[in-house]
Amino acid sequence: MTTVAASTAAAAPAPAGAARSAARRRGVLFACCLAQFMSVLDISAMNIALPSVQKALGFTTANLMWVVTAYSLALSGCLLLGGRLADLLGQRRMMLIGIAAFTAASLIGGTAVSGPVLVLARCLQGVAASVMVPATLAVLTSTFTEPGERAKAMGLWSAVAGGGASFGGIAGGLLTSFASWRWTLLVNVPLGLLLLVIGSLSVERSRPAARVGSPDVLGAGAVTLGLMALVAGIGESGKYGWGSAPVVTALALAAALLLFFVLNEAKLARDPLVPLVVFRNRALSVTNAVGAFSCAAFYTTVYFTPLLLQQVLHASALRASLLLAPQSLCVLISARGVARFVPRLGTRTVLSAGLASASCGLLWLSRATEHATYLGSLIGPCVLLGCGWGLIMTGSTVAAVSGVPRDQTGLAAGLINTNRQLGGAIGIAVLAGVATARSAALLSGQEGTASASAQRHAAAAGYDRGYLVGALLMALAFAVARVLPGRARGGERVVRP
C-alpha cells in the first residue's frame, strides 16, 4: 500500500505540470496573435479616421498621406533588422521591447496636438512594430515545434494578420463615429499593457543565437534607407510623375542602396543581416515572391473598396466599414479552418487554392459599375477574397519558416513580413496610379465641367482597372506558388551559412 501511495504521489505532479505548460502555451499564442493584430489594425483603422485627423490637426490634403505613409515606411524599412535582432538578442526580450515601444508611441500619437507630432508618433509605431511582429512569429515557431500544432498556431496567427486589415476599417469607423479619431491610437495603450503582462508570464526566455557577433549596422542602414526610398519614390510618382526629379532621385538612391546591401551581405559583412544562403531554401524564396505579389493585389482592395463604397455608392464611413465585415469573417474562418490540414495537403495546394479564389474575386470586382449593388456585385467577390486571403496567409506563413534553423526564424519572419508590407505599399502606389490614369482619361476635356454622374462613372472605371491589374498580380503569384514542394514536411532541408 505504501508503494502504491508513493507511486501515486509521484505521478500526481505530472498532470499539474502538463496543465501549466498548456496554459503557458495558450498565453503565448494569445500574446503573439494580439500583438500581430495591433500592428495590422493600425494601418486600416487610421484610413477611416483620416478626414477627422485632417480637420482636427490642420493637415493639408497633400500632407495628410504622411499619417499613413510614415507608419508603413518605417515598418517595411526596419522589419529585416527587427527580425535579425530577435535572433541575436533573444526573441522574448525583443517581443516585449517592441510591445512597450508600440504602446508608448500610440500614447504619443493619441495625445498629439500638432501634425508633426502625430507623424513622428506614427513613424515610431512603425519602428516598434518592425521589432514586435517578427519576434512574435519567431516565438510561435520556437514554442510550437510539433508540425500539426505549429500549423494550427500559424493558422490562427495568419487569420489575425489577414483579418486585422479588414477589421481595422470597422474598428476605425466605430471609434471615430462614437468616440474620437484619437481612440484609433489610444486603444493600443490598454492592449499593450495587457500584452506586456501576459508576455512576461507566458513566453519563456530564449537564448540568443550561438554566433552573436556584431550587428550588421551598415547592412541594416542600407536596406532600411533603400526600401524607404523605393516606397517613397513610387508613392510620390502619382503626385510628381515618373520622370520628375524627386521620383527619379528617390528611385536611383533606392537602387544604389539596395545593390550595396546585396554586395555587403555577400562580401563585406562579417555577420550579415541577411545571410544570402538562406535563399537556397526553396520554400522561403518562393513564399517571399508569392507574398509580395499577393499583397500588392490584396492591400489594394483594402484601399479601393472603402472608396468605391463611399465615393461611388454613397455609403457612410461607418456603413462602409460594416459592409466589409463578411470579408473579414471569411479571412478568419478560412485561415483558422485550413490550418489543421496544411501538413496533409501541403503548402502548395493551400496557397494555390487561396490565390485562385482571390483572383476570381478581384476579376469579379473589376466588373462593378457606378450602378452596382452590394448584394449583387460586392458581397460575392468579398467572400471569395476573404476565403482566399485566409488560405494565402496561412500557407505562406507556414512555408516561410519551414526548415529554417531556430536561430534564423526571426530573419525568416522579417523577410516574409517585409515582402508583404513592401508589396502592399508598392501595389497601392502603382494600382492607385493605374486607377487615377483611367479616371483622368475618361474625364479628359471636362475639367471643372464634368457632371456628378460622369465623375462617379470615371471613378468606378478607375477602380475597376485597378482590380483587374490586381487579378493579374494574383494570377502571377499563383504561377510562382506552383514551384513550391507538393506537401508540407516536417521541414525543408536546413541550410546554414
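The values are calculated or read from the model by the stated rules, or taken from the named source; none is laboratory data. Keep in mind it's a predicted model, so treat the numbers as computed, not measured. Cβ placement follows ideal geometry from the backbone for every residue including glycine, while neighbour counts extend to all protein chains displayed.
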Scan segment 163-203 residue by residue and report those that are closer than 24 Å to residue 315 by Cβ and without any contact (Cβ under 8 Å) to a residue 12 or more places away in the chain. 178, 179
Determine if segment 255-264 includes at least one residue that is in contact (Cβ under 8 Å) with a residue 24 or more places away in the chain, of a type outside the set (Lys, Arg) and in contact with an Asp or Glu (Cβ under 9 Å, 6 or more places away or on another chain). yes
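Yes/no matrix, rows are residues, columns are (1) in contact with a Gly (Cβ under 6 Å, 6 or more places away or on another chain); (2) farther than 24 Å from residue 473 by Cα; (3) outside the structural domain of residue 471 (by TED's automatic domain parsing):
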residue: 241; (1), (2), (3): no, no, yes
residue: 262; (1), (2), (3): no, yes, yes
residue: 285; (1), (2), (3): no, no, no
residue: 291; (1), (2), (3): no, no, no
Within segment 47-66, identify whether any single residue is among the hydroxyl-bearing types (Ser, Thr, Tyr) and closer than 29 Å to residue 201 by Cβ, and answer yes or no. no
Taking the residues in segment 55-85 that are farther than 17 Å from residue 412 by Cβ and of a type in the set (S, T, N, Q) as candidates, determine which candidate is modelled with the highest pLDDT. 72
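Restricting attention to segment 47-69, does a residue exist that is within 22 Å of residue 195 (Cα to Cα) and not charged (D, E, K, R)?
Initially, segment 47-69 is screened for residues within 22 Å of residue 195 (Cα to Cα), giving none.
No: segment 47-69 contains no residue that is within 22 Å of residue 195 (Cα to Cα) and not charged (D, E, K, R).
Can you pull out the helices (runs of 4 or more DSSP H) entirely within segment 135-204 that have at least 3 residues that are under 22 Å from residue 294 (Cα atoms), at pLDDT 75 or above and within 21 Å of the chain's Cα centre (by Cα)? Break it down stepwise before answering.
Values: elements: 147-178, 183-186, 188-202.
Here the list reads 147-178.
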Cβ-Cβ distance below 6 Å, separation of 6 or more or different chains: which pairs start in segment 297-318 with a residue that is assigned by TED's automatic domain parsing to the domain that holds residue 431 and over 12 Å from residue 431 (Cβ atoms) and end on one that is outside any loop (DSSP other than H, G, I, E, B) and not small (Gly, Ala, Ser)? 308/463; 312/456; 315/309; 317/48
Which residues, taken from segment 229-247, are modelled with pLDDT of 75 or more and surrounded by fewer than 20 Cβ atoms within 10 Å (Cβ to Cβ)? 240, 241, 242, 243, 244, 245, 246
Quick check: anything in segment 386-405 hydroxyl-bearing (Ser, Thr, Tyr), on the phi < 0 side of the Ramachandran plot and either over 22 Å from the mean Cα position of the chain (by Cα) or modelled with pLDDT of 85 or more (or both)? no
Any chance segment 472-479 includes a residue that's closer than 30 Å to residue 32 by Cβ, modelled with pLDDT under 85 and surrounded by 24 or more Cβ atoms within 10 Å (Cβ to Cβ)? no
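Name the single residue, out of those in segment 342-359 being hydrophobic (A, V, I, L, M, F, W, C) and without any contact (Cβ under 8 Å) to a residue 60 or more places away in the chain, that is farthest from residue 298 (Cα to Cα). Even if it seems obvious, please write down each step before you answer.
Our first condition is that a residue be hydrophobic (A, V, I, L, M, F, W, C); within segment 342-359, this holds for 342, 345, 350-351, 353, 355-356, 358.
Checking which are without any contact (Cβ under 8 Å) to a residue 60 or more places away in the chain leaves us with 350, 353.
Working: 350: 17, 353: 15 Å.
Per the criteria, the residue is 350.
Looking at 315, 320, can you tell me which residue is more than 23 Å from the chain's Cα centre (by Cα) and under 25 Å from residue 454 (Cα atoms)?
Numbers: 320 fails: more than 23 Å from the chain's Cα centre (by Cα).
Answer to the check: 315.
Report yes if residue 112 is within 26 Å of residue 177 (Cα to Cα) and either crowded, with 19+ Cβ neighbours inside 10 Å or touching a Leu at 6+ places or on another chain (Cβ under 8 Å) (or both), otherwise no. It would help to see each step written out before you state the result.
Working: within 26 Å of residue 177 (Cα to Cα): yes; either crowded, with 19+ Cβ neighbours inside 10 Å or touching a Leu at 6+ places or on another chain (Cβ under 8 Å) (or both): yes.
So residue 112 passes the test.
Return yes or no: is residue 464 among the acidic types (Asp, Glu) and either outside any helix (DSSP H, G or I) or modelled with pLDDT of 85 or more (or both)? First the steps, then the outcome.
On the way: among the acidic types (Asp, Glu): yes; either outside any helix (DSSP H, G or I) or modelled with pLDDT of 85 or more (or both): yes.
Considered against the rule, which asks whether it is among the acidic types (Asp, Glu) and either outside any helix (DSSP H, G or I) or modelled with pLDDT of 85 or more (or both), residue 464 comes out as yes.
Look at residue 118 and say whether it is at pLDDT 90 or above, crowded, with 21+ Cβ neighbours inside 10 Å, in contact with a helix residue (DSSP H, G or I) (Cβ under 9 Å, 6 or more places away or on another chain) and not β-branched (Val, Ile, Thr). Full working, then the answer.
Details: at pLDDT 90 or above: yes; crowded, with 21+ Cβ neighbours inside 10 Å: yes; in contact with a helix residue (DSSP H, G or I) (Cβ under 9 Å, 6 or more places away or on another chain): yes; not β-branched (Val, Ile, Thr): yes.
When the stated conditions are applied, residue 118 passes them.
Which residues, taken from segment 236-290, are of a type outside the set (Asp, Glu) and not in a helix (DSSP H, G or I)? Before the answer, list the steps.
The initial filter retains those residues of segment 236-290 that are of a type outside the set (Asp, Glu), namely 237-264, 266-270, 272-290.
241, 242, 243, 244, 269, 270, 272, 273, 274, 275, 281, listed by residue number.
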